[in-house]
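Comments concern the structure below.
What follows draws every value from the coordinates through simple rules; no lab data is involved. These figures come from a predicted structure and were not determined experimentally. A quick note on method: Cβ atoms are made from the backbone with ideal geometry, for glycine too, and the neighbour counts reach across all protein chains shown.
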Amino acid sequence: MQSRLKTIRWQGIATPLVAVFLALLVGAGFILFVGENPLTAYRILFMESLGSVRNIATTLQRATPLMFAGLAVAFAYRAGLFNIGAEGQLYMGAFAAAWVGFTFTALPRLIHLPLAILAGMIGGALWGAIPGFLKAKLGIHEVINTIMLNFIALYLTDWLATGPFHGGSWVPETARVSASAALARLYPPTRLSSGIYLALLAALIAYLILWKTKQGYELRAVGLNPQAAEYGGINVAKNTIIAMAISGALAGLAGTEQILGLHQRFIVRFSADLGFMGVAVALLGKNHPVGVLLAAILFGALQTGSAAMDRLTSVPRELITIIQALIIFFVAADYLIRRILRMKEEA
Amino acid sequence: MGDILALLFNTAVFGAALRMATPLIFAALGGIFSERSGVVNIALEGMMLMGAFTAMFVSHQTGMPWLGVLGAILAGLLVGLLHAVFCIHYRANQVVVGTAINIFAGGLTVFLLRYYFGAAGTSPSVATIPDITIPLISQIPWIGRIIGRQNPLVYLALIAVVVAHIVIYRTSWGLRLRAVGEHPRAADTVGVNVFRMRYLAVALSGALAGLGGTYLSIAHLSRFSEGMTAGRGFIALAAVIFGKWTPYGALGACLFFGYADALQMRLQDIGIPTQFMNMLPYVLTMVALAGFIGKSVGPKASGQPYIKG
C-alpha cells in the first residue's frame, strides 16, 4: 500500500516532466528542420531566460499573468468545470481595472489601486459566473458558452476601447491609468511588477479555499462526483456558480496585472491567448496551485528565451508556441506517458 | 427606411454573404461529422488555419491553386488524425486536445511562414482559383447576380452540404456514424467498429475544415496572413450548434452569419459598430443553447472517449 501511494505521487510529478522532455525532443526536430543545432538553440533559450537576475526577472514578469490564468483554469477544474473562457474573463477584468484606473484619478493610491484590482476581479467573476449560472440552472455545458463568451468579451472590449472610452490617439486603446492605480515596478528596467506578489497570494488563497475550508470541500466534492455530492446534501448548482465566479475572478486578475502592471492602459486584443495558455499551465501543473506556479514559470522562461533565440539563430520564436502546444498534447495523453514509464520499468 | 431595405436586400450583400459563408460551411460540415461520431472538435480553427497555409504554400511552390486545394485537404486530414489519435486512442480530454491543436496550428503556420518567407506577417501573393460564370443561372434576374458568378469553392460548399445530408441520413455509413455518436456501446454490440468510425469521421472533419481554410488564402484572398482564420473555426462551431448538428441547419446558420459579416461595413455607416455584428453569431448561439429558439441538444456520447469492454 505504502509503495503504491509512493508510485502514484511519483507519477504525479513524472508525467509533467516526461511531457516537457518529449515536447523539447519534438521541438528539437523543428530546430533541425530549419538547419540549426538544437543544443545551441536550447542553451540560448536557457541562458536568456534564467542566466542572470535580469533575465529571471523578465521570466517572472512573463509568468505572472500565466500564474493567474493557470490558477483560474485549475480552480474550476477542481470543481469539475472546464473553464476555457479565461481569455474572455481576462479581457472583462482588464477593462474594468483600466476603467477604474483612468476614471477615478483623484483617489489616493491607498484606495485607488486596491479598488482597480477589485474591479478587475469583479469583471472577471461576473463574466465567469454567466456560464456557471447557465450550467447550474439550464444544464448547458460550460465549454461552448465559455468559448462564445471569449469572443463576445473580445469584441465588447474592442468596442469600448475604440468607441466610448477611446484614448484619443490613433491607436486602439484607452487613456492611461493614473499612477495612483499602477502596480509598482520591482526591478527596472525589466517590467516585473508587484503583481507577482498578488499571484503568489492568489495561489495561497486558492489552496486554502480548496483544501482548508468547508466551501472548498464542497467544490471538490462536486468536482469528483456531482451526483454523490448532491445526494450528500451539497448544493451543486450553487457551487457551480461559485466555482466559475472565483475562477473568473482569478482570470480577471491576469488581465488586471497586465493592465495595471505592464501596459498601464487597456489595449485592444492585448492578451494574445494568455487565457488559453492558462489551460496549458493548469494541466502541466496538475491543477494544483504549486504546480501551476512552477508551470507558469517554465512557460514564462520559454517565452523570455525565445526572443533571444529568434535574434541569435534562424529559429523563429514561434517554436515556443509549438513546444507549449506539444506539452499540452503530452500531458493530456498521460495514458500514453504512463505506458512509456511502465515500459521502462519492465525493461 | 427605403434606404435600409435597399441595403438589406442588396444583391451585392447577398453575394458577399455567400462568399463569407463558404469557409464556414466547409468547417461546419467537418464539425458535424466529428460531433456526430462522438468526438468534440473545437480544433476546427486550427485545422482551417493549417489548410489556409498549406493551400497558399502549395500554390506558391507549384503555381497550381487546385493542387493547393488538395494539399489543404491532406493537411487538414493529418491534423484531424492527430486529433483522433489523442482523443480516441489515448483517451485524452477532447477539449484539451482541441485547444492544443489550435495553439499548435497558430504556432506552426507562423513558424513556417517566417522560415520560408522571412519576417513579414503575410506570405507573398500566390495564384488563386478564379471565379466562374454559370451560363444559364447567371441570366436569371436578381438571383443570377447572387449565384451566377462565384468561386468554384462556393458551389462546391453548397454541393457538399447536400452530399453530407445524404451521407448522414440516407446511407448505412451515416446510420452507423449516428449510432456511434449516440450510443457507442450499442453500436459496438451490433458489430460497428466504434474506433474506426470515429477515426474516419474526425479525419474527414479535418479535411473539410482544411478545405474551408483553402477558400480564405487562395480564393477570397491571394495570400496567407498570420491568424487569418480570425475565429471562423469557432463561428463554424457555433453554426453546428445553431443548426442543431444537421447539414441544412448549419448551412442556414452559416449563410446567416455570412450575411451579418457582409453587412457589417455597411451598417457601420448608419451607426452600428462592427464589433456588435462580430458578436452576433456568438450571442445567438448562447441564446439558442439556452433554449430560447428551440432547444439545441448535441449527440449523446459527444465528448466521451469510448473504452472497449
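With the convex hull of the Cα atoms taken as the outline of the protein assembly as shown, the averaged projected area works out to 32.5 nm². Here the gap between B:Ile159 and B:Tyr248, fully extended at 0.36 nm per residue and compared with their Cα-Cα distance, gives a gain of 30.9 nm. What the Cα convex hull of segment B:2-117 gives, in volume per residue, is 148 Å³. Placing R0 at 51 angstrom, the Cβ-Cβ distance between B:Lys308 and A:Leu138 gives a FRET efficiency of 0.90 after rounding to 0.05. Projection of the Cα convex hull of segment A:156-225, averaged over all directions and equal to a quarter of that hull's surface, yields 8.4 nm². Segment A:101-214 gives an Rg/Rh value of 1.03, both radii derived from C-alpha positions and Rh following Kirkwood.
For chain B, the longest principal axis of the C-alpha atoms and the axis of helix B:274-289 are separated by about 30°. Taking other C-beta atoms within 10 Å as the exposure proxy, B:Ile147, B:Ile307, A:Ile259 rank B:Ile307, B:Ile147, A:Ile259 from fewest upward. Note on B:Ala290 and B:Leu81: with the Förster distance fixed at 41 Å, the Cβ-Cβ geometry gives a FRET efficiency of about 0.75. Scaled against the 2.2 N^0.38 Å expected of a compact globular protein of N residues, the Cα radius of gyration of segment B:112-223 reads 1.52. With only Cα atoms counted, segment B:4-70 has Rg and Dmax values of 16.1, 46 Å. Working from label points 7 Å from Cα in the Cα-to-Cβ sense, the B:Trp173 to A:Val171 distance is 5.3 nm. Kindly flag which residue pairs out of A:Lys137/A:Lys212; A:Lys135/A:Lys214; A:Lys214/B:Lys300; A:Lys286/B:Lys244; A:Lys214/B:Lys244 have an alpha-carbon separation exceeding 31 Å in this structure. Too far apart for the 31 Å limit: A:Lys214/B:Lys300; A:Lys286/B:Lys244; A:Lys214/B:Lys244.
Over the C-alpha trace of segment A:221-334, radius of gyration and Dmax come out as 17.9, 60 angstrom. Using the Cβ-Cβ distance between B:Ala186 and A:Leu200 with R0 = 45 Å, the FRET efficiency computed as 1/(1 + (r/R0)^6) comes to roughly 0.30. Note on B:Ile272 and A:Thr40: their simple-model spin labels are 5.7 nm apart, each label 7 Å out from Cα toward Cβ. Just the Cα atoms of segment B:169-236, one point each, no solvent: what log10 I(q)/I(0) does Debye give at q = 0.15, 0.21, 0.26, 0.29 Å⁻¹? Reported log10 I(q)/I(0), two decimals: -0.63, -0.84, -1.08, -1.23. Residues within the reach of a label modelled at A:Trp211 (point 7 angstrom out along Cα to beta-carbon, backbone nitrogen below 16 Å), restricted to segment A:56-71, are A:71.
For the pair segment A:277-331 / segment B:233-259, the C-alpha centres are spaced 34 Å from each other.
Couplings 3J(HN,Hα) of segment A:43-60, computed from phi: 5, 4, 4, 6, 5, 6, 9, 10, x, 8, 4, 5, 5, 5, 4, 5, 4, 5 Hz, in residue order, whole Hz [Karplus 6.51 cos²θ - 1.76 cosθ + 1.60, θ = phi - 60°; x for Gly and Pro]. Normalised by 2.2 N^0.38 Å, where N is the number of residues, the C-alpha radius of gyration of segment B:171-309 stands at 1.27. Length gained on full extension, B:Met265 to B:His89: 58.8 nm, using 0.36 nm per residue less the C-alpha separation.
Evaluated at q = 0.10, 0.11 Å⁻¹, a Debye calculation over the C-alpha positions of segment A:64-300 (equal weights, vacuum) places log10 I(q)/I(0) at -0.43, -0.51.
Over the Cα atoms of segment A:256-311, the radius of gyration divided by the Kirkwood radius equals 1.03; this is the Rg/Rh ratio. The chymotrypsin sites (Phe, Trp or Tyr not before Pro) found in segment B:75-168 that occupy coil by DSSP, while having at most 16 further C-beta atoms within 10 Å, are B:Trp142. Among the chymotrypsin sites (Phe, Trp or Tyr not before Pro) in segment A:157-237, those located in a DSSP loop and surrounded by at most 11 other Cβ atoms within 10 Å of their own Cβ are A:Trp170. Its DSSP H runs of at least 4 residues, each contributing -39,500 (n - 2.57), put the calculated 222 nm mean residue ellipticity of chain B at -22500 deg cm²/dmol, to the nearest 500.
Note on chain B: Cα-Cα pairs beyond 37 Å make up 15% of the total pair count.
Full extension of the chain segment joining A:Phe104 with A:Arg185 gains 27.0 nm, where the gain is 0.36 nm per residue of separation less the Cα-Cα distance. For segment B:168-246, chymotrypsin sites (Phe, Trp or Tyr not before Pro) meeting the loop criterion (DSSP other than H, G, I, E, B) and having at most 14 other Cβ atoms within 10 Å: none.
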